[in-house]
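The structure appears right after this line, and notes come after that.
The values are calculated or read from the model by the stated rules, or taken from the named source; none is laboratory data. This one's a predicted model, so the numbers in the text were calculated from it and none came from an experiment. All Cβ positions, even for glycine, are placed from backbone atoms using ideal geometry, and neighbour counts span all protein chains on display. Note: accessible area is taken over every heavy atom of the protein model, side chains too, but ligands, DNA and RNA are not part of it. Shrake-Rupley method; radii C 1.70, N 1.55, O 1.52, S 1.80 Å.
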Amino acid sequence: MNYQSDVTAERADGFSTVVDGDARDDARSRMWRIAIAAMVLLLLAAIGVFAYQKFFGAATPAGDDEGQNPVVTVISPDAETVQGQISATGSIAARRELPVGVVGEGGRVVSVPVDAGEWVSQGQVLAVIDRSVQTQQAQSAQAQVRVAEADAELAQANLDRSLQLVDRGFVSAADVDRLTATRDAAAARVQVAKAQAAELRARNARLNIVAPAAGLVLERNVEPGQTASPASGPLFRIARGGEMELMAQVSEAEMASLSPGVAATVTPVGSAKSFTGQVWQISPTIDPQSRQGMARIALSYAPELRPGGFANATINSGTVVAPMLPESAILSDGDGSFVYVVSEDSKAERRPVKTGLVTSNGIVVTEGLDGSEQVVLRAGGFLTEGEAIVARAQEEG
């Protein structure tokens with residue numbers, strides 16, 4: 001049996017043509033995708049180059065050997081005259097505090113005519129102590145003086161009469177000697193009585209508690225009716241002349257740059273007002289625990305300066321001539337502080353430095369620079385020792 005095929009050449013040719021057209025479309029699509037991917041890669045590369053130039057500086061022309069070297073901003077820190085300042089804190093206190101207590105026998109307090117915060121003059125009565133018993137004792141002593149004076153007058157009269165009778169033989173020389181001794185003893189008893197009376201008067205005068213000097217009353221620790229004695233402790237505390245001081249704590253290193261007479265500005269905590277004073281005493285010792293000393297700053301009286309309060313102080317420590325750098329130029333690690341300077345062959349050179357005063361304009365460099373170097377201003381943390389760099393001066397403005 002013979003079978004006839006239904007497939008013809010025309011159908012075969014037509015099927016082959018459709019397949020070839022699809023293949024060409026797929027190839028064209030792959031080419032477009034490849035072209036788009038290449039454009040994206042080129043765009044990303046351009047963005048990367050732009051970012052690199054933006055961070056390290058403008059690009060150098062193609063073919064230049066320095067085109068791969070980072071561009072850094074540099075500054076030349078000329079030596080400047082800087083006013084040294086030391087910041088310190090401390091407590092306010094009376095410059096000369098006078099504790100006032102009972103100096104006599106004491107007794108019951110009758111009245112207290114002054115209060116804390118008042119000004120008193122030297123010798124002014126601060127408290128009055130009952131003296132009724134002491135007054136009677138003083139009167140008795142004064143009476144004893146009069147008795148002794150009467151006995152002395154009688155003894156003198158007897159001696160005078162005896163002397164008139166000696167030449168007549170009615171009184172012997174022994175009697176004259178006895179009457180003379182009696183007269184002398186009576187005169188001595190007068191002096192004893194007067195001394196005892198004066199002592200009582202002095203004791204009575206000490207019953208009143210008085211101000212030893214003019215000043216401001218800081219504390220009053222006694223009330224009427226209270227029994228006061230030498231064991232009662234200070235009843236009043238007075239700031240002599242109203243003068244105050246700040247007991248500023250200063251580090252051991254900063255103590256060496258201070259001297260009596262330097263000016264200081266003191267600002268109490270919670271107050272926007274500042275007061276001008278001067279250092280009048282520097283502690284001769286250093287606290288072995290805190291490694292700090294004390295600078296005492298004298299201040300005139302002001303209501304805002306309250307003893308026991310806390311305050312900040314800025315002390316002038318003289319002037320120094322040295323280079324000054326911004327904080328961004330100074331780096332530090334385990335070996336200490338350092339900067340990067342541009343060497344003669346345009347490479348980053350690490351230079352150890354020592355810093356000093358910190359001011360609002362920068363940090364003073366006391367050692368390591370003479371002011372003529374080109375110091376890397378920023379991005380020093382991204383550099384390494386000996387790396388080739390391109391230096392650009394800082395733009396002013």
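Points worth noting:
- Using a simple spin-label model with pseudo-atoms 7 Å out from Cα toward Cβ, Asp167 and Ser372 lie 11.6 nm apart.
- GNM top mover of Arg161, Arg30, Arg131 - the chain, alpha-carbon springs below 10 Å: Arg30
- When Ser76, Ser283 are compared by accessible area at a 1.4 angstrom probe, the order from most to least is Ser76, Ser283.
- When Kirkwood radius over Cα pairs in Å is calculated for this entry, the matching label among [x] 20.8; [y] 32.4; [z] 22.1 is [y].
- Relative contact order [Cα under 8 Å, 6+ residues apart], the stretch 207-259, whole percent: 39
- Take the Cα of Glu395, go 7 Å toward its beta carbon, and the backbone nitrogen atoms of the stretch 70-93 under 16 Å from that spot belong to 71-75.
- Helix 173-205 axis versus longest C-alpha principal axis of the chain: approximately 30°, rounded to the nearest ten.
- Taking 7 Å steps out from each Cα toward its Cβ at Gln278 and Arg33 produces label points 8.9 nm apart.
- Fraction of alpha-carbon pairs over 16 Å apart in the stretch 113-163 - percent: 67
- Cβ-Cβ FRET estimate between Gln289 and Thr267, R0 fixed at 25 Å, reported to 0.05: 0.40
- Among Ala45, Ala298, Ala79: highest mean-square fluctuation, GNM of the chain, C-alpha pairs under 10 Å: Ala45
- Across Trp280, Trp32, Trp119, mean-square fluctuation computed from a Gaussian network of the chain (C-alpha pairs under 10 Å connected) peaks at Trp32.
- Three-way shape label, the stretch 216-323, alpha-carbon gyration tensor, a/c 1.5: prolate
- Think of a 1.4 Å ball rolled over the protein heavy atoms: the chain then has 62 Å² of accessible area per residue.
- A Förster distance of 41 Å, applied to the separation of the beta-carbon atoms of Asp333 and Thr89, puts the FRET efficiency at 0.85.
- Sites counted here are GluC sites (Glu not before Pro) in a DSSP loop (not H, G, I, E or B) having no more than 13 other Cβ atoms within 10 Å; the longest part of the chain that contains none of them is 119-343.
- Within the accessible area of the chain, the carbon and sulfur atoms contribute 53%, probe 1.4 Å, all protein chains present.
- In degrees, nearest ten, helix 132-166 long axis to first principal axis of the chain (Cα): 40
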